[in-house]
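To start, the structure itself, in structure tokens.
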Amino acid sequence: MNVPAAWYLVLAAVLFGIGAFGLLTRRSALIMFMCLELMLNAVNLTFVSFSRTLSDVAGQVSVFFVMVVAAAEVTVGLGIVVAIFRRRRTTSVDELSEMKG
Amino acid sequence: MPSIDYLAILPALVLLGASVLTLMLSALLRHSLSARVATSLSVLAGLVVLATSVAQWVDVARHGASSTIDHAVVLDGFSVVATGVIGVSLVMASLIAHDWLVRGPVSASHFYTLSLAASAGALVMVQANDLVVIFLGLEILSIGLYVLAALDRHRSASAEAALKYFLLGGFASAIFIYGAALVYGATGTTNLSAIGYFLAGNVLLAPGLLVAGGALLLVGFAFKVAAVPFHLWSPDVYEGAPTPVTGFMASVVKVGAFAALLRVLVSALSSQLTTWRPIIWVLVALSTLVGASMALVQRNVKRMLAYSSINHAGFILLGVWAGTVRGSAGALFYLMTYAPVVLASFGVLALVGGARDDSHDIDRFRGLARRQPVLGAALAVLLLSQLGVPLTTGFYAKYGVLLAAVDAGGGPIALIALIGAAIAAYFYLRWVLALYAEEPIETDRVSVGRASGLAIALGVVATLLFGLWPGPLAALAQHATLLFHP
């Protein structure tokens, strides 16, 4: 069975939307990280699908860069969450409102 | 193997090398690296970057703009000048941070490992000619800054600021790279020049993909430069991060992000001018007005400067909006003059903030100029420069972008920006008047370290000298923009 490339793009867009929605609405820092990862992986899927339809390898190379960046980002992010948790015993962003914008 | 022009990437290599060296020294030495040694190393690295940018300028002036590493990185007048600005900013930021590192609880080697790597990321951004390379530079810059914002473990606001910055910065990065993926799908390449050629030579049957991708790229950039309505993170992050880090953010991030934004719009998407102009128009109008109005109601000076920098971002975007050589030169000139001024301002704030870096109420500044005339006058000059008073660089910076916008047929938007500047003038002047107010509330003196003093003096001298004599700097910005890699 041959799945058209457009479907992959739609799937990626939906995943990206779920990630963005989750990041903006959820209140736990850890869940927000997961949403961030979901968004980046949706980007990877988009790159790969386009790479396939364009028969161009550059899109697949981009995916590796995005994966490396995502890994580095989550390492730093978890470090920050651990630092906050040690101090305040919470990872809910609602309780982190010392400053008001 | 693509050929590599090492002169082009030398500045980034120097900073990465210095960052790794600092890390290795701190790991291998028995005692922790002293702040004096670490600062010297960082200042030296900044000066080497500045010297290299001069050598690059000579090369570009002689041979013209070029690209290297399979056209992913460019060496042109624009990138060279932006590199020089980042070099100067790094030197000043290191000097400002020195006094804080000496008295503070933060390890100097941690600070410099991260700030040098982050500056290298900014250098990658100003030279990047490929959407994926811009993304890499952006992430090297941002990931360093997330940790820098969290460095002060004695104030819980520091870690909170870092988390906010991380979540919204990560969100912005994801949006940016999704935009890059869509543009890749529409044009078949992520190289900026190649996108430009493709769009100049082809008519897209379904431009929706390109428009969506371009819009997402713009949103990503707008987050990074803190343009309204994507600015909500910036006051909290500016307030929570250690003051020297805030100064570093306000200067280096702005230079890197605006240079990359200009390159994307001018080099890749110039044929789509009519599509992106309205978006930038809205960003300019909202940033100048909202930034200035929100600054009025703040009591914390770091938040005030955060909103003030949003207002400035609006002005720089005005140069971008013009989309002409003059507009780009105006934006570059704005960055060249704004970076030292904002760094020196945060230098004063770091001194007044005290050893624990936590007293940033506007009342702390009442009567400062009466108790300490030199420090007070320096801050007054820096604030007046940000306001845009004649005889300071701020005036010519604003004048340049406004003129470019009017030239490009943007009378209304220039007027809106001017109204924003007028509102901003009120809070700058109020602050300056507070400096000279009678009956000082606080009586303890602010101790001025030698390194911070030097950095603040540099900022004041630069704004006054080039305010009286802006010709050379303006000519440099103009030349740099003309030597743009197509």
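Taking only region B:172-195 into account, find how many residues are more than 8 Å from chain A (Cβ to nearest Cβ), buried (at least 24 other Cβ atoms within 10 Å of the Cβ) and either touching a Lys or Arg at 6+ places or on another chain (Cβ under 9 Å) or under 9 Å from A:T46 (Cβ atoms) (or both). Residues in region B:172-195 being more than 8 Å from chain A (Cβ to nearest Cβ), buried (at least 24 other Cβ atoms within 10 Å of the Cβ) and either touching a Lys or Arg at 6+ places or on another chain (Cβ under 9 Å) or under 9 Å from A:T46 (Cβ atoms) (or both): 2 in total. Candidates are the residues of region B:110-154 that are at the interface with chain A (Cβ under 9 Å from one of its Cβ atoms) and within 21 Å of B:R356 (Cα to Cα); the one that is surrounded by the fewest Cβ atoms within 10 Å (Cβ to Cβ) is B:R153.
Conditions (1) out of contact with any strand residue (DSSP E or B) (no Cβ under 9 Å at 6 or more places or on another chain); (2) free of Cβ contacts under 8 Å to residues at least 40 places away in the same chain, marked per residue:
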{"position": "B:S94", "(1), (2)": "yes, no"}
{"position": "B:L116", "(1), (2)": "yes, no"}
{"position": "B:A122", "(1), (2)": "yes, no"}
{"position": "B:A128", "(1), (2)": "no, no"}
{"position": "B:I134", "(1), (2)": "no, no"}
{"position": "B:L168", "(1), (2)": "yes, no"}
{"position": "B:F176", "(1), (2)": "yes, no"}
{"position": "B:G188", "(1), (2)": "yes, yes"}
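Just one residue in the set B:V80, B:V60 is in contact with a strand residue (DSSP E or B) (Cβ under 9 Å, 6 or more places away or on another chain), more than 30 Å from B:R450 (Cβ to Cβ) and touching a residue at least 24 places away in the same chain (Cβ under 8 Å); that residue is B:V60. Within region A:38-74, being more than 9 Å from every other protein chain (Cβ to nearest Cβ) and polar (S, T, N, Q) holds for A:N41, A:S55, A:Q60. Only residues that are under 28 Å from B:L145 (Cβ atoms) and either among the hydroxyl-bearing types (S, T, Y) or under 14 Å from the mean Cα position of the chain (by Cα) (or both) were counted across region A:36-64, and they come to 12.
Report those helices (runs of 4 or more DSSP H) wholly inside region B:184-290 carrying at least 1 residues which are closer than 17 Å to B:G314 by Cα.
Values: elements: B:192-201, B:208-225, B:233-240, B:243-248, B:254-263.
Hits in region B:184-290: B:208-225, B:233-240, B:254-263.
Scanning region B:42-51 for residues that are more than 15 Å from B:D99 (Cβ to Cβ) and crowded, with 21+ Cβ neighbours inside 10 Å gives B:A45, B:G46, B:V49. Taken over region A:82-92, the residue count meeting the criterion of being surrounded by 17 or more Cβ atoms within 10 Å (Cβ to Cβ) and at the interface with chain B (Cβ under 7 Å from one of its Cβ atoms) is 2. Across region B:196-232, which residue is nearest to B:I143 (Cα to Cα) among those that are without any contact (Cβ under 8 Å) to a residue 40 or more places away in the chain and surrounded by 14 or more Cβ atoms within 10 Å (Cβ to Cβ)? Filtering region B:196-232 for residues that are without any contact (Cβ under 8 Å) to a residue 40 or more places away in the chain and surrounded by 14 or more Cβ atoms within 10 Å (Cβ to Cβ), the one nearest to B:I143 (Cα to Cα) comes out as B:G213.
Values quoted throughout were computed directly from the atomic coordinates according to the rules given, and no laboratory measurement underlies them. All figures in this text were calculated on a predicted structure; none of them were measured in a lab. Please note: Cβ atoms are built from the backbone with ideal geometry, for glycine as well, and neighbour counts cover all protein chains shown.
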